[in-house]
Each structure stands twice: as C-alpha cells, then as structure tokens.
C-alpha cells in the first residue's frame, strides 16, 4: 500500500514537471484573450471572462480524466518519454493556428502515430534525441492506438455534454452584405491521465497489463497532461442543436475507430488505420457541417418586428429574467421595439424596473420582469445584431443617438406647426360646410389673404408666402391681385422682414433643442449646428431672388 501511495506522489511530481502542463494553460489563456478582443470589437463588452472559460470546463474534464485513467490503467497503456516529446512537438506546430479543434491531442497524437514508423535511425549529435528515437522504435504502437481511441471517445462525449455551453456570439457579413450574427463554440478540456511509466517499482502480474511492456518487469505511474479541443461556427441552428448534431456524428465515427482498434489487436498492420480513421472522420464531420451551414440562412438577423437575442451576458438582468439565445423581445415597458435605440429608450421610461414581452423558442408569448440596479448593463445584458451597417453602438453612442433622434423629432414637429397657415377664428364649422363646395371655400380663402396687411413688419415666413402664392397661381384673378401687391413692396424691406422672421424661428428651435440636450446631458454639438444653420440660412435668403425676378425669368 505504501508503494502505491509513493507512486501516486511521484506521478503528481511528474505532472508538474511536464512542460505541457504549463503550455496548455498558456494556450487556453491565449485563446481566451483572442475571444475577448473580438467580443469587445463587436459588442463593446466581453461576454465571458478569460479565466471563466479556462475554469468552467475543468470540473467535467477532471471527471472524464478520471474515467479515462481507469481504462488506461486497466489496459496497461505505456508511453515512453520519446513519444511524449514527439506529440508535444507536433502540438506546438499546430498552436499558431489558434483553432481549438486542431489543438486537440487526438490530432497531434494521431499524426505522431503515423509518423513514428517512418522516423530515421538514431544517429544525431544529441544523445537525448537519439534515446528518444530509440524509445519510439522499440515501443509497441498498439498502446498508442488504443490510447487515442479512448481519448477520441471521451472527446465525442464531452462535445455532446459540454461543447454547447458558453458559446461566443459574433457579428459577420452574410452573402448579401448584411450584418448577421453567429455563434462560435470553442472549448478546451484539460485532462490529467494516469499512464504506465517505464520507471518504477511495480511489477506485472499474469493478467495485467493487457499490452506487452517494453520497459521490462517493473514500471511506475505518470500523470500526463492531455488537452481535448473543439471549435465550430453556427448560424443556421441554435448552438445546443448544432453542437449536439456534431457530437452524434462523431460518436458514429467512434464505432469505426473502435473496430479498427480491435482489429489492430490481432493484426498489427491495422494499427495505422486507427489514426487515419480519427483524422479523416473528424474532418469529414466538421467540413460537412460547415458546408451545410453555408447553405442555411442565419437565424440571427434583423427582425421586422421585435428584436432577436444573439447573446446574454452572464449574471446580468437578462440572465436573471431567464432570457435565452434566439428569443424575440416584442415589447419593453409596454412599447413595441424593433431597434436598439427604441429598446434603450423604452428601458429609460422606467429605469428601476423592466417588463418585457418575449416570444420564446416555441413561438409562445411570455412575460419577463425584473428590477434594474445601478451599474447594470445599458441593454440589461442582451446582445443584438446591429441596426445598421455601422456595427453596434457603445453606451455613450447609443445614448447620444436617442437624444439626437428626440431632438430631430421635436424640431420636425415644430417645423410642421410653423408651416400651418394661421387662422384668426375657428374654421371647423366652415370647413365642414364648404367640403361639398370647393369653389366657395377657395374664394373665401382668397378674400382672407387679401385682408392681411403687408408691410415691412409682416410676420409671415417665407414658407407661408410660398404656400399662399402657389394657391393664388391656381386662379388667374388671384394671381393678378398678388402681383399688384408685390410690386408695391420695396425689395429691401421684404428681405429684411424675411431675415428677421427666419432668425426668430431658428432661435426658438435652437432654444428648444438646447434645453432638451441639457435635460439628457448629451447632444452638446447641437448648439453649434443651429448657429451654423442660422448663418447659412441668412446668407441664402440675402441672395435669394425675389418673386418678381422669378416671374420675369419665367416669362422670358
């Protein structure tokens, strides 16, 4: 019993002395930083922490590592130091590609198993390298074939059980050039596995180990770090459905690989069929799914009504409300929403509480509500496809967009009100009375315009004169009267009156927009915009031709 405990302690020491232990951790952090950088570019925030994607799959990876260790110890699988060095060298060559699917040890190990029989004889200037080559040539390759068969089965089951968790949303361009969403499923599972090591005090028995050892009659244990990886892009299916479909196809490939492994136990020529089946089968599954995805339309695109959720930030208000990827937000605080600006504006109606109407994945309407606390995400933790081709806006950009939109709406409303012709008394009854007789209504309108005194202090704007002038041109008699009155006016007075009226109108609009900007704390550049607008408006009116000049040019 003391010997077993001592061997376990030695195996733990070998685990922390192995360079792959630290290289795998560095690679996981590198992929995590790459993911966070892309998420900040697309959404101005990261979805998952770097450390979270390293630690979250650790529990299930340790469980699978323990299960694989039981199988490897029962089989008595032995790997010499030289083969571990070859696997590590191939894995480091694949590392710069930064693809978790190629960083799986089943890929590097299968390539090492194919390369091992074709290595040259030991004859280099480095003694340690010569010893590694001798170890590889003397080892039983059946051990390696069964090891990677077991690891490939574990990888397929991990994809089914854990591969669809914590997928990362992304923004891409479709074939038509539109901004759509997709999900990137990327996982690295760190598995420490017990293997038979050719140095130790254990001795073989009649039934164990199953495979013949090349290290002699005594051996020990080594806790070897292995990593299994998976990566796929999904846009035509929801992450959980697409990843599980890939996992089921890989399980079917496992049956073929296990068949070759059993045949290799009896016929040594079948050993190389095991790594070939692993490599070819994996690539066929991933490439076929990729081709299917290209034919599908993205599920995460702009909706005519409502907003489809592309991602949900963990521990956010949306996560607490139970919102899920693919659900559609129809209303927020009683207001229909179809853009991020409308959604943000609706949330501001009640900054302490949020009530949503959501269509779930089954197409059924449900209500979700929760309190909003200070420091929560400005979209309660929901991530969406951009409203336009410019990408998603940050908090400040979206807030400014809402303020400017409100300012423009108010300005347009005031402009529409100023364009309405002034009336001295209610005309509702007269309009209803003259609806059946349009000629009489036009005559009274002309008489009313004739009674308006015209002098240098006239309060009509240039737009109002154009409206009445266009109406008067429709009747020949009214046109002659208006031309007589225009000839009596002095051109300089008319320009001055237009300039003063425009200045008054623009100053009122500027004042209203500035007050709105102060209320929201944004749109600080609107005052400069209206100053420039007033100056250009004055200069344009100063050099604008009078109505007499227009008529003379038209007659010519």
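Can you confirm whether residue 210 is modelled with pLDDT under 95 and surrounded by fewer than 21 Cβ atoms within 10 Å (Cβ to Cβ)? So residue 210 fits the description; yes. If I ask for residues that are surrounded by 20 or more Cβ atoms within 10 Å (Cβ to Cβ) and either under 30 Å from residue 384 (Cα atoms) or free of Cβ contacts under 8 Å to residues at least 40 places away in the same chain (or both), which ones from the stretch 117-172 would you list? Scanning the stretch 117-172 gives 158, 159, 162, 163, 164, 167, 168, 169, 170, 171.
Being touching a residue at least 12 places away in the same chain (Cβ under 8 Å) and surrounded by 13 or more Cβ atoms within 10 Å (Cβ to Cβ) is a description that applies to residue 339.
Taking the numbered list (1) at pLDDT 85 or above; (2) part of a helix (DSSP H, G or I) in turn, residue 187 passes all entries but (2). Kindly check whether there is at least one residue in the stretch 266-289 that is in the same structural domain as residue 239 (by TED's automatic domain parsing) and under 18 Å from residue 174 (Cα atoms). Yes, the conditions are met somewhere in the stretch 266-289.
Restricted to the stretch 65-143, the set of helices (runs of 4 or more DSSP H) holding at least 3 residues that are under 41 Å from the mean Cα position of the chain (by Cα) comprises 81-94, 105-115. Of all residues in the stretch 74-116, those satisfying the criterion of being in contact with a helix residue (DSSP H, G or I) (Cβ under 7 Å, 6 or more places away or on another chain) and closer than 16 Å to residue 142 by Cβ are 75, 77, 78, 79, 80, 83, 109, 110, 112, 113, 114, 116.
Of all residues in the stretch 261-268, none satisfies being surrounded by fewer than 21 Cβ atoms within 10 Å (Cβ to Cβ), closer than 30 Å to residue 49 by Cα and at pLDDT 90 or above.
Exactly one residue among 325, 380 is farther than 27 Å from residue 243 by Cα, touching a strand residue (DSSP E or B) at 6+ places or on another chain (Cβ under 8 Å) and not in a strand (DSSP E or B), and that residue is 380. Among the residues of the stretch 287-309, the one identified as buried (at least 18 other Cβ atoms within 10 Å of the Cβ) and more than 21 Å from residue 329 (Cβ to Cβ) is 289. Might you check whether a residue that is more than 38 Å from the chain's Cα centre (by Cα), surrounded by fewer than 17 Cβ atoms within 10 Å (Cβ to Cβ) and assigned to a helix (DSSP H, G or I) occurs anywhere in the stretch 17-28? Checked the stretch 17-28: at least one residue is more than 38 Å from the chain's Cα centre (by Cα), surrounded by fewer than 17 Cβ atoms within 10 Å (Cβ to Cβ) and assigned to a helix (DSSP H, G or I).
Checking each residue of the stretch 363-375 against the condition of being in the same structural domain as residue 324 (by TED's automatic domain parsing) and surrounded by 20 or more Cβ atoms within 10 Å (Cβ to Cβ) gives no match. Looking only at the stretch 296-319, how many residues end up being free of Cβ contacts under 8 Å to residues at least 40 places away in the same chain and either touching a helix residue (DSSP H, G or I) at 6+ places or on another chain (Cβ under 8 Å) or within 15 Å of residue 176 (Cα to Cα) (or both)? Here the count works out to 0. Are any residues in the stretch 261-295 touching a residue at least 60 places away in the same chain (Cβ under 8 Å) and part of a helix (DSSP H, G or I), and if so, which ones? Listed by number, the residues that qualify are 261, 264, 265, 268, 274, 275, 276, 278, 279, 282, 286, 293.
The values are calculated or read from the model by the stated rules, or taken from the named source; none is laboratory data. This structure is a prediction, so every number in the text was calculated from the model and none was measured. Please note: Cβ atoms are built from the backbone with ideal geometry, for glycine as well, and neighbour counts cover all protein chains shown.
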